[in-house]
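Shown next, in structure tokens, is the structure this report addresses.
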Amino acid sequence: MMISKNDGENLVKTARKIVTEFLKNGTTTKLEARFQKDFSFKSGVFVTLNTSSGLRGCIGYPFPDKQLFNALRDAAISAATEDPRFPPVKFEELDSITFEVTVLTPPIKIEVSNQQEYLLKIKVGQDGLIVRHGYNSGLLLPQVPVEYGWTEQEFMEHACEKAGLPKDFWKKSETEIEKFEGIVFKELKPNGKIIQEKLLD
């Protein structure tokens, strides 16, 4: 998947523009025809909002079910207004929030002959994880274990907990684990310079 630095800047700036207009006027931005054309391919995407004290909202779509321009618009508004962990963002907060956009590769199921192999088949700084068991599922983006300094095993354990499962459920044969990669672009400060985050050293 090729996303240029210019593409990444465009995605982050557009996510901010979408949220700003929605919070200010209650209206959904009409995206420019060129933007729709450039991002008409289907892709998973997450929009993450952060403040100086931590996460402020994060919602997205893990699977490439929607064209990216539509997925970005829906994820941006949802991250600001529908993350159940936080109250909806207010317009006045936007100058203290940084925007981050992660474009995802399609998730693939990790096939193993024994559960310990998972630790060899995932890589912190490269992979995101989806854990499924019965009706439970949880997703962690690739940048999360890097931010917290987790090992591969800790990453697996936290992904299980995100799914509402005990942390050792990755060892159960009926638990399904998928991995994906993400390209991360983010503002260094609110409305500031946008960079591509390098997850691997």
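Within segment 114-121, not a single residue is on the phi < 0 side of the Ramachandran plot, surrounded by 14 or more Cβ atoms within 10 Å (Cβ to Cβ) and touching a Leu at 6+ places or on another chain (Cβ under 9 Å). Within segment 50-66, does at least one residue satisfy the condition of being of a type in the set (Ser, Thr, Tyr), over 30 Å from PRO166 (Cα atoms) and at pLDDT 95 or above? Looking for residues that are of a type in the set (Ser, Thr, Tyr), over 30 Å from PRO166 (Cα atoms) and at pLDDT 95 or above, one finds none in segment 50-66, hence no.
Kindly indicate whether any position in segment 33-44 is touching a residue at least 12 places away in the same chain (Cβ under 8 Å), outside any loop (DSSP other than H, G, I, E, B) and either among the acidic types (Asp, Glu) or under 22 Å from PRO190 (Cα atoms) (or both). Checked against the condition, which is being touching a residue at least 12 places away in the same chain (Cβ under 8 Å), outside any loop (DSSP other than H, G, I, E, B) and either among the acidic types (Asp, Glu) or under 22 Å from PRO190 (Cα atoms) (or both), segment 33-44 yields at least one hit.
The residues of segment 63-81 that are in contact (Cβ under 8 Å) with a residue 24 or more places away in the chain and either charged (D, E, K, R) or in the same structural domain as LEU141 (by TED's automatic domain parsing) (or both), listed by number, are LYS66, ARG73. Among the residues making up segment 97-113, those that are surrounded by 14 or more Cβ atoms within 10 Å (Cβ to Cβ) and of a type outside the set (A, V, I, L, M, F, W, C) are THR98, GLU100, THR102, THR105, PRO106, PRO107.
Scoring PHE91 on the criteria (1) touching a helix residue (DSSP H, G or I) at 6+ places or on another chain (Cβ under 9 Å); (2) within 23 Å of GLY8 (Cα to Cα) leaves a single failure, condition (2). The residues of segment 9-38 include none that are within 20 Å of GLU181 (Cα to Cα) and modelled with pLDDT under 95.
Regarding VAL131, is this residue buried (at least 19 other Cβ atoms within 10 Å of the Cβ) and within 24 Å of ALA80 (Cβ to Cβ)?
Considered against the rule, which asks whether it is buried (at least 19 other Cβ atoms within 10 Å of the Cβ) and within 24 Å of ALA80 (Cβ to Cβ), VAL131 comes out as no.
Here is the figure for segment 94-113: residues that are touching a Leu at 6+ places or on another chain (Cβ under 6 Å), hydrophobic (A, V, I, L, M, F, W, C) and closer than 21 Å to PRO64 by Cα total 1. May I ask you to list the residues in segment 150-177 that are within 15 Å of the chain's Cα centre (by Cα) and either buried (at least 20 other Cβ atoms within 10 Å of the Cβ) or under 16 Å from ASN50 (Cα atoms) (or both)? The answer is ALA159, and nothing else.
The values are calculated or read from the model by the stated rules, or taken from the named source; none is laboratory data. Computed from a predicted structure; not experimentally measured. Using ideal geometry, Cβ is built from the backbone for each residue, glycine included, and neighbour counts are taken over all protein chains shown.
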